[in-house]
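Colleague: Before anything else, here's the structure in question.
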Amino acid sequence: MAEALVIQDTTYAGEAASYFITRPVIEMDTVQKGCIHVHDGIKKQYTIPRIEVSGFMQKRAATPSSKGNINVDGKVLIPRDMMLYLEFNPRDYEQHWQAVNLEPKLLDRELPPTAEDFTVLQTMKRLNEFFENATWKSRIMFDPEGLAVDPTTKGQAATDVQYLYFDGLIVKLLQASETVKVSSPATLVSGTAGGGQENILDAMGRAYKAVPQAILYKYGAKGLKFHISYATQQIYEEALTTQTFKNNDTTEKGINRYKGYDVVPLAGMPDNTIVICVSSPDLDSNPWLGVNSTEDQDGLQLARLQANSELYFIKGLFKMDTQFGFPDFVVLYTTITL
């Protein structure tokens, strides 16, 4: 197995900072912005119980007969396994300026404290980036050892092939026949549409008209939200600032709302996609994220590979799945196909 640690900077000609700078990465927006309920403690599977009552009204009778239905069912979360595993040799730092911080004895060589801290820090950041993208874009069918489906044939980026361990929120909506799907979705633009394109404001308007009445006019943190990607957010902002009649200063940050409803840009959302639903971090949320334990995401194991080895490893074990409580109360506009 190839070692993960590659030292490219072997020069040292003066003072060096006592820290590393880390490349910016996207964060797990969907959780941090309160757009999903995270349910942990799922060892095998978890059923989100649902209940519905209907058809109960009737004419008055002295001795009535029962009329109506009470239906109890559920949506299932089945977290699936995945892992993070890297091996490296701390002695590779002997060719780096961090060599001065290595243990004197060869048998005791491990990562210098600064290198260890920032290695784990950046790994955690990249892990959260992966989870954010996977929450929305994952498909089991991308697995090269399974169906080996090319993501580009489904309207997704070729790089989405890495999200293969469970089915994400978008595919769950596409699979559910009751999802409110907006017809004829197209590539979103801020200017004049045409040739397979649609103006972002027109698309949001069509999607908004499809929202079920039961969730209309519910605003705020626990209300209806428009979920879009960062790129779509930029298109939306451009559309607002290029309208003939506008009332905002184009040099200022705009109010991120559509007809009073919050518009939430999420780093993991695919482009040309709008998801409208009630989302929150509590049990009232329509989208759910099921995990074995939230503590699995909070820490990684860093240790020597084995007693007679100089190698070390970083390891993490995770189980995740996504689900919607009521797909019939979710409006989906997307160019992604099933």
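The values are calculated or read from the model by the stated rules, or taken from the named source; none is laboratory data. Fair warning: this is a prediction, and the values are worked out from it, not measured in the lab. A quick note on method: Cβ atoms are made from the backbone with ideal geometry, for glycine too, and the neighbour counts reach across all protein chains shown.
Colleague: I'm checking my understanding of the structure. Among residues of region 191-216 that are touching a helix residue (DSSP H, G or I) at 6+ places or on another chain (Cβ under 8 Å) and touching a residue at least 60 places away in the same chain (Cβ under 8 Å), which one is farthest from residue 235 (Cα to Cα)?
Modeller: This residue is 214.
Colleague: Considering 154, 125, 137, which residue is over 22 Å from residue 316 (Cα atoms) and of a type in the set (D, E, K, R)?
Modeller: 154
For every residue, the table says whether it meets (1) modelled with pLDDT of 95 or more; (2) among the charged types (D, E, K, R); (3) buried (at least 19 other Cβ atoms within 10 Å of the Cβ).
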residue	(1), (2), (3)
137	yes, yes, yes
140	yes, no, no
144	yes, no, no
152	yes, no, no
171	yes, no, yes
176	yes, no, no
188	yes, no, yes
197	yes, no, no
203	yes, no, yes
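Colleague: Give the number of residues within region 281-338 that are over 30 Å from residue 184 (Cα atoms) and among the hydroxyl-bearing types (Ser, Thr, Tyr).
Modeller: Final tally of qualifying residues: 4.
Colleague: What number of residues within region 302-338 are more than 25 Å from residue 204 (Cα to Cα) and in contact with a strand residue (DSSP E or B) (Cβ under 7 Å, 6 or more places away or on another chain)?
Modeller: Of the residues in that region, 15 qualify.
Colleague: Oh, and also: Looking only at region 287-338, count every residue that is within 16 Å of residue 130 (Cβ to Cβ) and surrounded by 15 or more Cβ atoms within 10 Å (Cβ to Cβ) and tell me the total.
Modeller: Matching residues across region 287-338 total 12.
Colleague: Sticking with this structure for a sec: Does region 202-245 hold any residues that are part of a helix (DSSP H, G or I), β-branched (Val, Ile, Thr) and closer than 11 Å to residue 331 by Cβ, and which are they?
Modeller: 215, the sole residue that qualifies.
Colleague: Return the residues of region 161-183 that are assigned to a helix (DSSP H, G or I), in contact (Cβ under 8 Å) with a residue 60 or more places away in the chain and either under 15 Å from residue 269 (Cβ atoms) or within 17 Å of the chain's Cα centre (by Cα) (or both); say none if nothing qualifies.
Modeller: Result: 169, 170, 171, 172, 173, 174.
Colleague: Continuing with the same structure: For region 121-130, does any single residue satisfy the condition of being among the hydrophobic types (A, V, I, L, M, F, W, C), at pLDDT below 85 and either over 20 Å from the mean Cα position of the chain (by Cα) or more than 30 Å from residue 45 (Cβ to Cβ) (or both)?
Modeller: yes
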